[in-house]
Amino acid sequence: MGRCFNHKFVLNFCNLLFLLCGMLLIVAGCYLYTDNKRILLSRLLAAPSEQLNSLPQPLLYYISLGLAIAGFVAVLASMLGFWASCLHTYCFLSVYFLCVVVLLLAESVICLAITLWPHCLGISLDEGQMVKALQRNYGVPGQEQFTNAMDLAQTRFGCCGMRSSLDYDTSLWRLQSYGQRNWPVPLSCCVLANAPQPLAFLDPKPANESQCQSLERPVYERERYTEACLEHLDAWYREQYGIFLVASLVLALVEFSVLLGIILTCTGIASRRARLDNSSQTAGGFSQKARRRGTAKSRQALVDNIYESEVQLRGNAQGGGMCLGAASRHVSSEDFKELYVQPRDLYKQRHNTTFKPIASDYQTPTRSYLV
């Protein structure tokens, strides 16, 4: 009983951890969903992929929804685990085990895909492809999300262009005159006077616009960002991936502990049933032995009653008869001889008479007695 209680305690503790992880996933998904800047920056990560770039929302938007759904599924699975722990049957424990295994496999596949083959998901930070994506999408009508994401990256990281500010010289934004002709770079590349404002990237106000838009390096060097944005984006991507990987490892450890708790509970059920079977078999064996012993004793008593050779009888003779007091439960043929033959002999000795049959006794129905 104590082992069963320990197994239940371990399983319920693991279920509680799994439930907390599911709730944390829901909270993380909701927080990521409300973090507009983080979601907007993820548009730059999927820019080289035409499929991901054609999606109506950035990549992290769908990841936030996936986290919330995964957390909700984990909560439901943990509730199923509590129910299975209460019922303590193989059926529900097996269903719970399969649910946890499916979640663990899905999580492992996603982590491996992001780690080993990020280009399979459309995530690529190749320098040439990122430069082409910038020149093809920035400032172009219909690509407002990419334009705002690039302005956010340049304002936040203090950079200009993917490789350098020269990336805008051959971009559609400048060649097609989507921006002003005398601007070699967007205003988000300049040192902004309203940089502390949260939405400064949507309405950039340079501290010195004329010097920032100058073509001479000594003039714009102090008023324009000169670092490349690709390095900052790569560092930001690694940071987000590190957070995701740590969370996935913690969740995987919790899921492994849940699986271990389920296995321990199943072994506890098996051992408990084995003990119950052994105890029932032992009790049945004892009862059968007792029955056999009782049967053997009754049979032996019966044999003794039937085949007993002599039984001593105690009796007292008063007057002309004899009263017998039973000294034993059994009477043999010798006892009948003593009862019926010996009294007749004693009578003949006393009266010196013999019993002689009369011939007429055989002829007539009347009887004659010799006195």
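Can we say Y61 is open to solvent by less than 80 Å² (accessible area, probe 1.4 Å), among the hydroxyl-bearing types (S, T, Y) and not in a loop (DSSP other than H, G, I, E, B)? Explain how you work it out, then say what you get.
Working: open to solvent by less than 80 Å² (accessible area, probe 1.4 Å): yes; among the hydroxyl-bearing types (S, T, Y): yes; not in a loop (DSSP other than H, G, I, E, B): yes.
So Y61 fits the description; yes.
What about E209, is it modelled with pLDDT of 60 or more and over 30 Å from F97 (Cα atoms)?
Details: modelled with pLDDT of 60 or more: yes; over 30 Å from F97 (Cα atoms): yes.
Against the criterion (modelled with pLDDT of 60 or more and over 30 Å from F97 (Cα atoms)), E209 qualifies.
Would you point out the residue of region 184-223, among those that are among the charged types (D, E, K, R) and assigned to a loop (DSSP other than H, G, I, E, B), that is surrounded by the most Cβ atoms within 10 Å (Cβ to Cβ)? Lay out the reasoning, then the answer.
Restricting attention to region 184-223, the residues satisfying the condition of being among the charged types (D, E, K, R) are 203, 205, 209, 216-217, 221-223.
Cutting the leftovers down to assigned to a loop (DSSP other than H, G, I, E, B) gives us 203, 205, 216, 221-223.
Details: D203: 11, K205: 13, E216: 8, E221: 11, R222: 12, E223: 18.
Among them, the one singled out is E223.
Take the residues of region 223-259 that are of a type in the set (G, A, S) and within 18 Å of S124 (Cα to Cα): which is nearest to the chain's Cα centre (by Cα)?
Keep residues of region 223-259 that are of a type in the set (G, A, S), which gives 228, 235, 242, 247-248, 252, 257.
Those still in the list that are within 18 Å of S124 (Cα to Cα) too: 228, 235, 242.
Values: A228: 48, A235: 37, G242: 26 Å.
Applying the filter and picking the extreme gives G242.
Restricting attention to region 132-164, report how many residues are out of contact with any Pro (no Cβ under 9 Å at 6 or more places or on another chain) and assigned to a loop (DSSP other than H, G, I, E, B).
Matching residues across region 132-164 total 9.
Where residues in region 64-97 are in a helix (DSSP H, G or I) and hydroxyl-bearing (S, T, Y), which of them is most open to solvent (accessible area, probe 1.4 Å)? Give the steps one after another, and end with the answer.
First, pick out the residues of region 64-97 that are in a helix (DSSP H, G or I): 64-87, 90-97.
Now restrict to residues that are hydroxyl-bearing (S, T, Y): 64, 78, 85, 90, 94, 96.
Details: S64: 1, S78: 0, S85: 3, Y90: 84, S94: 59, Y96: 0 Å².
This residue is Y90.
Evaluate the following for P48: is it part of a loop (DSSP other than H, G, I, E, B), over 21 Å from L230 (Cα atoms) and modelled with pLDDT under 90? Write out each step before concluding.
Numbers: part of a loop (DSSP other than H, G, I, E, B): yes; over 21 Å from L230 (Cα atoms): no; modelled with pLDDT under 90: yes.
Considered against the rule, which asks whether it is part of a loop (DSSP other than H, G, I, E, B), over 21 Å from L230 (Cα atoms) and modelled with pLDDT under 90, P48 comes out as no.
So, L104, is that one aliphatic (A, V, I, L, M), out of contact with any Cys (no Cβ under 8 Å at 6 or more places or on another chain) and surrounded by fewer than 15 Cβ atoms within 10 Å (Cβ to Cβ) or not?
Details: aliphatic (A, V, I, L, M): yes; out of contact with any Cys (no Cβ under 8 Å at 6 or more places or on another chain): yes; surrounded by fewer than 15 Cβ atoms within 10 Å (Cβ to Cβ): no.
The answer is no for L104.
For every residue, the table says whether it meets (1) on the phi < 0 side of the Ramachandran plot; (2) of a type in the set (G, A, S); (3) touching a Ser or Thr at 6+ places or on another chain (Cβ under 8 Å).
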site	(1), (2), (3)
I39	yes, no, yes
P56	yes, no, no
L60	yes, no, yes
G66	yes, yes, no
T89	yes, no, no
A106	yes, yes, no
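Just checking, does region 165-176 include any residue being part of a loop (DSSP other than H, G, I, E, B), open to solvent by 60 Å² or more (accessible area, probe 1.4 Å), more than 22 Å from L125 (Cα to Cα) and charged (D, E, K, R)?
No, region 165-176 has no match at all.
With L44, L52 as the choices, which residue is buried (at least 20 other Cβ atoms within 10 Å of the Cβ) and farther than 22 Å from L260 by Cα? Give the steps one after another, and end with the answer.
Working: L52 fails: buried (at least 20 other Cβ atoms within 10 Å of the Cβ).
Going through L44, L52 in turn, the sole match is L44.
Which one of these is within 30 Å of Y90 (Cα to Cα), modelled with pLDDT of 85 or more and of a type outside the set (S, T, Y): E255, E227? Walk me through it before giving the result.
Values: E227 fails: within 30 Å of Y90 (Cα to Cα).
So the residue among E255, E227 that is within 30 Å of Y90 (Cα to Cα), modelled with pLDDT of 85 or more and of a type outside the set (S, T, Y) is E255.
Checking W173 against (1) in contact with a Gly (Cβ under 8 Å, 6 or more places away or on another chain); (2) modelled with pLDDT under 85: exactly one of these is not met. Which one?
Of everything listed in (1) in contact with a Gly (Cβ under 8 Å, 6 or more places away or on another chain); (2) modelled with pLDDT under 85, W173 misses just condition (2).
Which of the residues spanning region 13-37 are open to solvent by 60 Å² or more (accessible area, probe 1.4 Å) and more than 19 Å from the chain's Cα centre (by Cα)?
Matches in region 13-37: V27, C30, Y31, Y33, T34, N36, K37.
The values are calculated or read from the model by the stated rules, or taken from the named source; none is laboratory data. Predicted, not measured: the structure shown is a model, and the values here were computed from it. Ideal geometry is used to build each Cβ from the backbone, glycine not excepted, and the neighbour counts take in all protein chains shown. SASA here: full protein model, heavy atoms, side chains in, ligands and nucleic acids out. Shrake-Rupley method; radii C 1.70, N 1.55, O 1.52, S 1.80 Å.
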